[in-house]
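Here is the structure we will look at.
What follows draws every value from the coordinates through simple rules; no lab data is involved. Computed from a prediction, not measured in an experiment: that's the story for all the values here. Methodologically, a virtual Cβ is constructed for each residue, glycine included, from the backbone with ideal geometry; neighbour enumeration extends over all protein chains shown.
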Amino acid sequence: MIAEVILAASAGVAAGVVFARRPSAAVGNGESAHVETPGAEGSDSRFDQLLRSLTVGIVTVNARGQIDSLNAAAATIFELGARPVLGRALIEAIPSFELDRRVREALGGHPSRGRITFGAASDAPTLAVATLPLDGTDGALVIASDETRLFELEQTRRDFISSVSHELRTPLSSINLMIETVLDNDGDQEALDLFLPRIKQEVDRMTHLVVDLLELAKAESGRLRLRRETIDVSKIATTALANFEPRAERLGVRLGFMGEAARLDGDPDRLAQVFVNLIDNALRHTPSGGSVDVSVVPQEGALTIVVSDTGVGIPFNDLPHIFERFYVVDRSRARDASGTGLGLSIVKQIVEAHGGTIVADSVFGRGATLTCVFPVARAAATPA
Ligand SMILES: Nc1ncnc2c1ncn2[C@@H]1O[C@H](COP(=O)(O)OP(=O)(O)OP(=O)(O)O)[C@@H](O)[C@H]1O
Ligand SMILES: [Mg+2]
């Protein structure tokens with residue numbers, strides 16, 4: 001029997017959140033919702049239980065657009081808190097014109113499905129909402145599930161694709177322009193001498209970017225294979241520093257090292273990559289006359305690596321973001337504008353694959369300090 005259904009708002013659920021006491025509802029395939037009164041009290045409480053355990057939010061609205069019932073998930077999803085909302089107009093309880101419009105359409109017999117974002121804030125919740133005429137009554141049913149996380153992931157993917165496209169398009173158009181100029185000059189030697197090294201530089205930049213992207217994709221899908229062996233981290237640090245020495249000298253930046261032999265069960269190539277990225281960043285942001293210092297500190301149960309510089313530093317608000325893919329604080333702050341913002345996200349993945357953590361500290365204008373801490377088995381903590 002399709003009933004004088006429903007939704008007497010009495011069952012004792014917290015803070016005005018009430019379940020239909022007697023009805024059982026079966027939602028049809030998108031066209032309408034069918035509600036019946038069950039025969040036995042037992043099935044009634046089972047239905048209450050079912051509603052309570054659902055993670056999708058369910059709200060029923062009467063012909064006047066007032067809320068007749070809702071389950072606990074709906075109260076959470078629509079952030080209703082402890083407000084009593086039964087009997088209130090839907091738009092008052094849930095201030096969304098889009099939801100209101102779609103419920104009115106459902107009341108007029110027209111179902112709909114689609115996402116609704118509640119509010120304009122960047123972290124505004126996004127819900128997948130279905131609105132259906134409630135078969136046999138003049139009311140409507142709203143079914144909502146929280147898709148905020150999914151929506152964010154889709155956004156991240158879109159941002160990622162547009163960042164990659166942008167990063168590749170810039171060098172490609174500059175290569176194109178240079179080749180056109182060479183061709184316009186009939187392969188003139190002077191034009192070749194001028195443009196070939198620059199073309200090579202742009203190709204190197206793109207290769208670097210693609211290698212980084214592959215690396216990152218591997219790390220993020222959990223396929224970063226570590227070739228672990230017992231290594232002396234200080235040795236890896238000093239080798240990396242020695243490779244940077246000519247460049248540091250050219251830039252007028254002093255390189256320093258402090259540390260002692262320190263054993264770690266790790267991948268030597270990956271850890272060298274960590275040092276290379278951190279020292280490269282430090283050098284690129286430190287003006288002439290400044291210094292970059294690396295230290296390796298073995299302690300009981302942990303090994304700490306610190307790379308600090310006396311350069312421009314990182315603004316406080318940017319600190320939490322610098323490990324994100326493609327995050328570049330401000331190109332004009334670096335000595336060159338070549339960074340693509342992938343280095344630190346790769347470093348973070350490598351450090352985490354070794355079970356470690358990385359944090360950045362900075363007093364803006366007075367340098368930056370990047371600290372990695374790796375757990376070390378007790379026996380291995382003693383210096384090599
Ligand atoms: N030592 C530092 N001093 C000041 N800013 C830094 C320092 N290290 C990193 N940053 C900031 O963090 C951003 C992200 O660093 P990251 O290494 O991920 O990218 P990148 O150096 O710009 O490019 P890539 O490493 O991919 O060539 C940099 O663009 C820079 O703005
Ligand atoms: Mg970098």
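Relative contact order, whole percent, for the chain stands at 11, derived from Cα pairs under 8 Å and 6 or more residues apart.
Share of antiparallel DSSP beta bridges in segment 176-326, in percent to the nearest 5?
That works out to approximately 65 percent antiparallel.
If you bin all the Cα-Cα distances of segment 122-219 at 5 Å, starting from zero, the percentages per bin are 2, 10, 12, 12, 10, 9, 8, 7, 6, 5, 5, 4, 3, 2, 2, 1, 1, 0.
Among 69-75, 167-173, what's the highest-first ranking by average C-beta atoms within 10 angstrom per residue?
69-75, 167-173
Counting only Cβ charges, +1 for Lys and Arg and -1 for Asp and Glu, the dipole size of segment 230-384 around its Cα centre is about 280 debye. Overall, segment 151-220 carries a charge dipole of about 260 debye about its Cα centre when +1 sits on the Cβ of Lys and Arg and -1 on the Cβ of Asp and Glu, all other atoms neutral. Neighbours of VAL274, meaning other residues whose beta-carbon lies under 12 angstrom from its beta-carbon, give a summed charge of -2 when Lys and Arg score +1 and Asp and Glu score -1.
Taking packing as the residue-averaged number of other Cβ atoms within 10 angstrom, the listed peptides 224-231, 307-314, 45-52 run from highest to lowest as 307-314, 45-52, 224-231.
Cα centroids of segment 81-102 and segment 160-232: how far apart, whole angstrom? With segment 81-102 and segment 160-232 each reduced to a Cα centre, they are spaced 53 Å. Working from Cα positions, state the angle (0 to 90°, nearest 10) between the long axis of helix 268-284 and the longest principal axis of the chain. The helix 268-284 is inclined about 80 degrees to the chain.
With R₀ fixed at 56 Å, the C-beta to C-beta distance from GLU98 to ASP188 puts the FRET efficiency at about 0.35.
A simple packing score, the average count of other Cβ atoms within 10 Å per residue, orders the peptides 234-240, 324-330 as 234-240, 324-330, with the highest score first.
Round to the nearest 10 and give me the degree value, 0 to 90, for the angle of helix 41-53's Cα axis relative to the longest principal axis of the chain. The helix 41-53 is inclined about 20 degrees to the chain. Once the Cα atoms of helix 97-107 and of the chain are each reduced to a long axis, what angle between those two axes, in degrees from 0 to 90 to the nearest 10, is obtained? Relative to the chain, helix 97-107 is tipped by roughly 40 degrees.
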